[in-house]
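Readers should treat all values here as calculations from the given coordinates under stated rules, not as data from a laboratory. The shown structure was predicted, so the numbers you read here are calculated from the model rather than taken from an experiment. As a convention, Cβ positions derive from the backbone with ideal geometry for all residues, glycine included, and neighbour counts pool all protein chains shown.
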Amino acid sequence: MTSDAKTPPASSVSVSRGEDSIHWKIEPAESYGGYLDLERLLSAQRPRSNEHDELLFIIVHQTAELWMKQSLHELKQVVAGLHEDRLDTALKGLARIAGIQRLLIQSWDVLSTLTPHDYVRLREHLGPSSGFQSWQYRALEFALGNKDAGLIEVHRNDAQRHAELEACLARPSLYDEALQLLARRGVPVPQAALERDWRQPYVASAEVEAAWLVVYRDVDRWWDLYDLAEKLVDLEDRFQQWRFRHMTTVERIIGRKTGTGGSSGVPYLAKALSLRFFPELWSLRTQL
Ligand code: HEM
Ligand SMILES: N[C@@H](CC(=O)c1ccccc1NC=O)C(=O)O
């Protein structure tokens, strides 16, 4: 690092608040912007139209993709934590993901300032592109347990992405790992849930519900598993809030138009609201 703290430029006296050890001469590569690669980050917004609102549209999506990247990174640690019986590690990651989810839910407040009038004009420039093609979103859904293999077909022309999603599909989900943990602790989990083809969608069963009921009926004995289960419910609750805000934001902006990705639009998004990552954690409540 090149610094010359002794000689702040005369013009800096009023702005340096009397701090005379500030590093004034910094090589760009070693600076804040260099470390964060801001040159690249801030030149990655390339609007296709002259519409004022297109920058917002791009930035909301790009920040969502960055937060999805961080969530996937945390989820890996959460799943590994469960796999290795390190529940504290798993809970720490889940708390961080919860913070990210709150941000993502709030970001709909910014995007819903986009009016239908402004959006139709920039929509013409989107072609067939759609959030439906977000491979990180699909990886998140798979990691959480919504194994809908057909949806990776849209990445068929991108061998690398396709292979990554295939790998993600073939790994046990967060819920699969939670059930393994339950079984290792001595809660009777049916074999069918412990040894299954991870690529297949998870199918809810009365036996798995009964296993969770063991935990929920004696929370003092199974406190850490109960705590984990409630954190999973929180996660799914917030995921649904995100889906719901997506759907309502879409409806207020494009109404009942079909989507650029080729789906029915709002009806397609509404169907996702009946999906469940951790079905028995919801159904067991009726039995308590
Ligand atoms: C003006 C704002 C938006 C509109 C009008 C919109 C519209 C839509 C529509 C109509 C679909 C259905 C697929 C299709 O295109 O046919 C969709 C899917 C999707 N959108 Fe958006 N969207 C918006 C903002 C966002 C944002 C900010 C994100 C964040 C990354 C996002 C992520 C997704 C994802 C992940 C899907 C696939 C959902 C699934 O398969 O369950 N969208 N969107
Ligand atoms: N499916 C949207 C288009 C869209 O939203 C979109 C297009 C390009 C990049 C991100 C998008 N956002 C989420 O789906 C529409 O039908 O208007």
Quiz item: Given region 117-236, what whole percent of its Cα pairs are spread farther than 24 Å?
Solution: 43
Self-check item: Hits among lysines - C-alpha to C-alpha of Lys25 under 25 Å, sequence gap 8 or more where chains match
Solution: Lys6
Quiz item: What is the Cα centroid distance between region 146-176 and region 58-104, reported in whole angstrom?
Solution: 18
Self-check item: Asp158/Asp197 FRET efficiency (R0 25 Å; Cβ-Cβ; nearest 0.05)
Solution: 0.50
Self-check item: Taking all pairs of distinct alpha-carbon atoms in region 206-288, Kirkwood radius in angstrom
Solution: 14.8
Quiz prompt | Square roots of 5 times each gyration tensor eigenvalue, C-alpha, region 239-281, largest first, Å | solution = 22, 11, 6
Quiz item: How high is the FRET efficiency from Arg243 to Glu65, r the C-beta distance, R0 22 Å, rounded to 0.05?
Solution: 0.85
Practice problem: Please label the shape of the chain as rounded, prolate or oblate, based on the square roots a ≥ b ≥ c of the eigenvalues of the alpha-carbon gyration tensor (a/c under 1.5 means rounded; beyond that, a/b larger than b/c means prolate, else oblate). | Solution: oblate
Quiz item: What is the extension gain from Asp20 to Glu166, computed as 0.36 nm multiplied by their sequence separation minus the C-alpha to C-alpha distance, in nm to one decimal?
Solution: 47.0 nm
Self-check item: Structure-based [θ]222 nm, the chain - -39500 (n - 2.57) summed over DSSP H runs of at least 4, per residue, nearest 500
Solution: -18000 deg cm²/dmol
Quiz item: What is the gain in length, in nm to one decimal, between Leu42 and Ser274 on full extension, counting 0.36 nm per residue of separation less the C-alpha to C-alpha distance?
Solution: 79.7 nm
Practice problem: Determine the gain in length on full extension of the stretch Leu55-Ala206; use 0.36 nm per residue of separation and subtract their C-alpha separation, reporting nm with one decimal. | Solution: 49.5 nm
Quiz item: How high is the FRET efficiency between Ser129 and Asp220 when r is their beta carbon distance and R₀ equals 35 Å, given to the nearest 0.05?
Solution: 0.10
